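S.K.: Can you read through this structure? Questions will come right after.
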Amino acid sequence: MKKIIDISLGYNFWRNAVYEKDWKDALDFLITSLRDELVFDNLAIYIIDKNGETSEIAYARAVGREKDAEADANWGEEIANQVIEQDEIVFDTPQVPNKNKKRISDTYLVGFPLRASGKLIGVLSLVRFGGPEYTRKDIDIATLAAEVIAYIFEKRALQESIAELEIVQRQMRLQDDFVATISHELRTPLGFIKGYSTTLLREDTEWDEKTRREFLTIIDEETDHLTELIENILESARLESKTMEMNFQPLRLDALIRDVITRVKARYENLEIFFDNDCGQIIQGDSTRLAQIFENLFSNAVKYAPDSKIVISTSAKKTDYVQITFADSGAGISKEHLPFIFDRFYRVPDHPGKAGTGLGLFICKRIIEAHRGKIWAESKNGTSFIIQLPLQ
Ligand code: ATP
Ligand code: MG
């Protein structure tokens, strides 16, 4: 059989498919080159979904008459289904051209199977309004285009799989780090508890009252620490499976923040806290959970921005939400880590020696989300956490 397509056309088709990173750009280029070689009014690409059943429209473009048909790619659906059924090129041309009607109402349809690695993955449909019929050369050109399109979609599927794998990989790495951190975190208080209780139990030594109390206080504090740690871990596991229960009640946010500040001040006497509050609004919230957020933010500020003052401001300038900013003027968080600090187990590696599990902010975010709010961090002259909570 005589070859009709010349090699430069094939090269044009493939070039962008191979080089373009974005599949849509690659398709745009390809379809523009296709249009130079072959007349059509509309083009649609259907991709078979993961269940292998129905085909969904993945791309549509109108270039000729009836431009608005782009939005409505239904014209190609039937022929796409026929191609999927028959697994071959299908034509649908008017039997007898209707001379009385407008030419445009005669649709010349053709559907090409898209195959990747020997498997049918979708259909390329073309339409010409009012003809003419497709020639042998048209079909050859479109067949080649269909091959390139199938390649582009296979590449897209691969890119998506790679992106998913990267997420899983990151999670696994965090999981590994977590096991290492957590065993260290659990061992430290346990070591203290074991050490001091063994010492107290020694029969060959008598301890005076003051020393006994001192040792018992350490055991007591370390037990609290251990309990808190275990609660955080359980909480984060519960949050992962989304079973956190909320007890919503009307509450005054400024009063809640003031309570937390009082508690924090008792623990860190020298901590400078400024609370510039101009909101007496009532919101619907779970007060224990919301307090937990501010406690977490304080604990982080004390840990990662030592000696820094903390400025909390609230404003309800908008009518639909209240915004709280919690700012320290510590070293801040570098750009590359900022997007991840709310991830479960994520810790910035810039603070060697600071204990933690990477759960605090993850828990904060989940609590805020349960309130239909938002939380994010910004870093400029320190770290600011911004929280938005809906007023309704
Ligand atoms: P945990 O809170 O579970 O004990 P953690 O404090 O490491 O552990 P998060 O509270 O989730 O975990 O914080 C995640 C990371 O974000 C921290 O490890 C820290 O590196 C960084 N970070 C959080 N708050 C600040 C802050 N105010 N300034 C600088 N870095 C911060
Ligand atoms: Mg923390």
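The values are calculated or read from the model by the stated rules, or taken from the named source; none is laboratory data. Computed from a prediction, not measured in an experiment: that's the story for all the values here. Cβ placement follows ideal geometry from the backbone for every residue including glycine, while neighbour counts extend to all protein chains displayed. The protein model used for the area step is the full one, side chains on, heavy atoms only, and it has no ligands, DNA or RNA in it. Shrake-Rupley method; radii C 1.70, N 1.55, O 1.52, S 1.80 Å.
S.K.: Looking for something assigned to a helix (DSSP H, G or I) and at pLDDT 90 or above - is there at least one such residue anywhere in the range 101-114?
M.R.: So far as the range 101-114 goes, no, none of its residues is assigned to a helix (DSSP H, G or I) and at pLDDT 90 or above.
S.K.: Filter the range 334-365 down to residues that are more than 11 Å from ligand 2 (Cβ to nearest atom) and charged (D, E, K, R) and give me whichever is most open to solvent (accessible area, probe 1.4 Å).
M.R.: Going through the qualifying residues, I end up with 335.
S.K.: Kindly provide the set of residues from the range 359-383 that are out of contact with any Ser or Thr (no Cβ under 7 Å at 6 or more places or on another chain), in a loop (DSSP other than H, G, I, E, B) and near ligand 1 (Cβ under 8 Å from one of its atoms), ordered by number.
M.R.: Once the filter is applied, which keeps residues that are out of contact with any Ser or Thr (no Cβ under 7 Å at 6 or more places or on another chain), in a loop (DSSP other than H, G, I, E, B) and near ligand 1 (Cβ under 8 Å from one of its atoms), the range 359-383 yields nothing.
S.K.: Can you find even one residue in the range 130-141 that is loosely packed, with under 11 Cβ neighbours inside 10 Å and assigned to a helix (DSSP H, G or I)?
M.R.: yes
S.K.: Now for a different question. If you go through the range 201-236 one residue at a time, how many are under 52 Å from the mean Cα position of the chain (by Cα) and away from ligand 2 (no atom under 16 Å from the Cβ)?
M.R.: Selection size over the range 201-236: 15.
S.K.: Further question on the same structure: Looking only at residues in the range 369-386 that are open to solvent by less than 20 Å² (accessible area, probe 1.4 Å) and either out of contact with any helix residue (DSSP H, G or I) (no Cβ under 7 Å at 6 or more places or on another chain) or not assigned by TED's automatic domain parsing to the domain that holds residue 313 (or both), which one is nearest to ligand 2 (Cβ to nearest atom)?
M.R.: Top of the filtered list is 383.
S.K.: Suppose we keep only residues that are among the charged types (D, E, K, R) and more than 11 Å from ligand 1 (Cβ to nearest atom) within the range 317-333. Which one would you say is most open to solvent (accessible area, probe 1.4 Å)?
M.R.: 317
S.K.: If only one of 311, 322 is more than 20 Å from residue 359 (Cα to Cα), modelled with pLDDT of 95 or more, more than 13 Å from ligand 2 (Cβ to nearest atom) and part of a strand (DSSP E or B), which one is it?
M.R.: 311
S.K.: Follow-up question, since we're still on this one. Just to be sure before I move on: is residue 291 away from ligand 2 (no atom under 16 Å from the Cβ), among the small types (Gly, Ala, Ser) and either closer than 22 Å to residue 355 by Cβ or without any contact (Cβ under 8 Å) to a residue 60 or more places away in the chain (or both) in the structure I sent?
M.R.: No; evaluated as a whole, the condition is false for this residue.
S.K.: Given the conditions (1) near ligand 1 (Cβ under 9 Å from one of its atoms); (2) within 15 Å of residue 384 (Cα to Cα), and given that residue 346 satisfies all but one, which numbered condition is not satisfied?
M.R.: All conditions pass for residue 346, except number (2).
For (1) under 25 Å from the mean Cα position of the chain (by Cα); (2) without any contact (Cβ under 8 Å) to a residue 60 or more places away in the chain, each residue gets a yes or a no:
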position: 314; (1), (2): no, no
position: 321; (1), (2): yes, no
position: 327; (1), (2): no, yes
position: 342; (1), (2): yes, yes
position: 352; (1), (2): no, yes
position: 355; (1), (2): no, no
position: 359; (1), (2): yes, no
position: 371; (1), (2): yes, no
position: 383; (1), (2): yes, no
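S.K.: Working carefully through the options 240, 185, find the one that is at pLDDT below 90 and buried (at least 16 other Cβ atoms within 10 Å of the Cβ).
M.R.: 185
S.K.: Considering (1) closer than 16 Å to residue 91 by Cα; (2) outside any strand (DSSP E or B), say which one residue 144 fails and leave the rest.
M.R.: Result: residue 144 fails condition (1) only.
S.K.: Can you name every residue in the range 277-316 that is open to solvent by 60 Å² or more (accessible area, probe 1.4 Å), within 15 Å of residue 329 (Cβ to Cβ) and of a type outside the set (Ser, Thr, Tyr)?
M.R.: If the condition is that a residue be open to solvent by 60 Å² or more (accessible area, probe 1.4 Å), within 15 Å of residue 329 (Cβ to Cβ) and of a type outside the set (Ser, Thr, Tyr), then 306, 307, 309 are the ones that fit.
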